[in-house]
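Here the structure comes first, spelled out in structure tokens, and everything after it is commentary.
The values are calculated or read from the model by the stated rules, or taken from the named source; none is laboratory data. Predicted model, so just to flag it, every value in this text is computed and none were measured. Cβ coordinates were reconstructed from backbone atoms using ideal geometry, including for glycine residues, and neighbour counts include every protein chain displayed.
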Protein chains: 2
Amino acid sequence: MAIKDSNTEQLIKDTAKRIFFAEGKLHATTQDIADAAGVSRTSLHYYFRSRDLLLKQVFNDALTGLTKQLYALMEAEMDFKEKIRQLIDLFLTETIAFPYREIFLITEMLDGDADIYVQKEKGASKMAAFLKQIEAEMEMGTISKMDPTQFMMNIMALNSHPLVMRPLHKQMFNLTDAEYMKKMDERKKIICDLILK
Amino acid sequence: MAIKDSNTEQLIKDTAKRIFFAEGKLHATTQDIADAAGVSRTSLHYYFRSRDLLLKQVFNDALTGLTKQLYALMEAEMDFKEKIRQLIDLFLTETIAFPYREIFLITEMLDGDADIYVQKEKGASKMAAFLKQIEAEMEMGTISKMDPTQFMMNIMALNSHPLVMRPLHKQMFNLTDAEYMKKMDERKKIICDLILK
DNA sequence: ATATTGTTTGACAAATTTGTCAAACAATAA
DNA sequence: TTATTGTTTGACAAATTTGTCAAACAATAT
């Protein structure tokens, strides 16, 4: 038997992720993906049976990739402000690598008008625990008081949004790519300053 | 001649906007749009010739809808902090009505891998003028100093992102729709507080 | 060597989506 | 009335996208 030395399956999935998460081509066809991976479209069907099943795997990987490290950091034992700083750093790094991952998730959830994907998100309890910690730190005066959920939403928004909106913001603010990335680098400090009072 | 009493053309375009901007169904077909508008797909072709031309109109309307009121407010003469407050209010109101309008623009720009749309954005000068005003106010100490572009990005991010991410945030934070909208209402004040030092 | 198993692909078929056209229809003008 | 013009649609055609299948291929086991 020919054992898979090149691992085509992983190559196809990684290529799909690159196209969807990094390049933001949400309308990509199986042909687009196969071409980008340098394999025939039939290979894609051999490993994933259908476009739909490939997308389901990509979807689940997106959810995992988005939450896994995040939740791990939330549970970590360390100085609270330092934890927030690392959270912002992690979020920004991930978003630079995969700016459109969240959007992929959202659009996939919305156009199969079902909330079929809602399950298995057992991370909600970890988030809840972290929200409690935030609240406690607010009571202690480490950071200024507000609804902890809003606090988290602020962090996510400040990190994600500018990277997603890059094509639009580039012309609104009349920026080159180099200037844009420079601003994104500077953002880490700006966000920390804004969030940490 | 039969003058258009019902204005099917506008109905079709408005329906398309609703599907794309409000419902976030970025993969909607011409059939989806025609069905939702209660007309035949042929009518859509009668008025717009092709799917592509309809989308181009919708795209331009999205750009206009996003920037027109915004730029008008930026140019208005009024107390600076009040202007910022109204800016946040306008942004939030618009985003609640059309959460996925920006995403539609972005994905359309990205998957026709060209920057064909880049032109005609003559609003960049208005934005530049407003950035200058922000900088001046920072010098005067009205708000704390930072890169004015980053200041604007912060406002946009804090407004838009949570509404776009609603399907995901709902389960991450374990919220009902009612709870979610309540938080969105509360956000106006939270964002003002955060932005206006 | 041959057999066996897994991989890859081209050629074909099915399904979906988009585009075209002529006919039916409605409303007013003459 | 009939004619004219604009609107709407069903039926058909074309194009695109997805899915299937048998054959070719590669690598190892016997």
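Residues considered: A:ALA22, A:ALA34, A:ALA28. Of these, the only one that is outside the structural domain of A:LYS122 (by TED's automatic domain parsing) and under 28 Å from A:LYS122 (Cα atoms) is A:ALA22. The residue that is farthest from B:LYS81 (Cα to Cα), counting only those in region B:144-179 that are more than 10 Å from every other protein chain (Cβ to nearest Cβ) and surrounded by fewer than 17 Cβ atoms within 10 Å (Cβ to Cβ), is B:THR176. For the residues A:ILE84, A:ILE106, the requirement of being buried (at least 19 other Cβ atoms within 10 Å of the Cβ), at pLDDT 95 or above and farther than 20 Å from B:GLN171 by Cβ singles out A:ILE84. Among the residues of region A:121-142, are any under 22 Å from A:LEU194 (Cα atoms), among the charged types (D, E, K, R) and within 13 Å of chain B (Cβ to nearest Cβ)? Yes, because at least one residue in region A:121-142 is under 22 Å from A:LEU194 (Cα atoms), among the charged types (D, E, K, R) and within 13 Å of chain B (Cβ to nearest Cβ).
B:THR8 meets each of the listed conditions (1) of a type in the set (S, T, N, Q); (2) within 11 Å of DNA strand D (Cβ to nearest atom); (3) within 14 Å of chain A (Cβ to nearest Cβ) apart from (3).
Looking for something more than 24 Å from B:THR29 (Cβ to Cβ) and in contact with a Lys or Arg (Cβ under 9 Å, 6 or more places away or on another chain) - is there at least one such residue anywhere in region B:98-111?
If we filter region B:98-111 for residues that are more than 24 Å from B:THR29 (Cβ to Cβ), which is where we start, we get none.
Checked against the condition, which is being more than 24 Å from B:THR29 (Cβ to Cβ) and in contact with a Lys or Arg (Cβ under 9 Å, 6 or more places away or on another chain), region B:98-111 yields no hits at all.
Residue under question is B:ALA16, and the condition is that it be within 11 Å of DNA strand D (Cβ to nearest atom), more than 14 Å from every other protein chain (Cβ to nearest Cβ) and either under 16 Å from the mean Cα position of the chain (by Cα) or crowded, with 16+ Cβ neighbours inside 10 Å (or both); does it hold? Taking the combined requirement at face value, the residue does not satisfy it.
Filtering region A:144-169 to residues that are in contact with an Asp or Glu (Cβ under 6 Å, 6 or more places away or on another chain) and either of a type in the set (D, E, K, R) or modelled with pLDDT under 95 (or both) leaves nothing.
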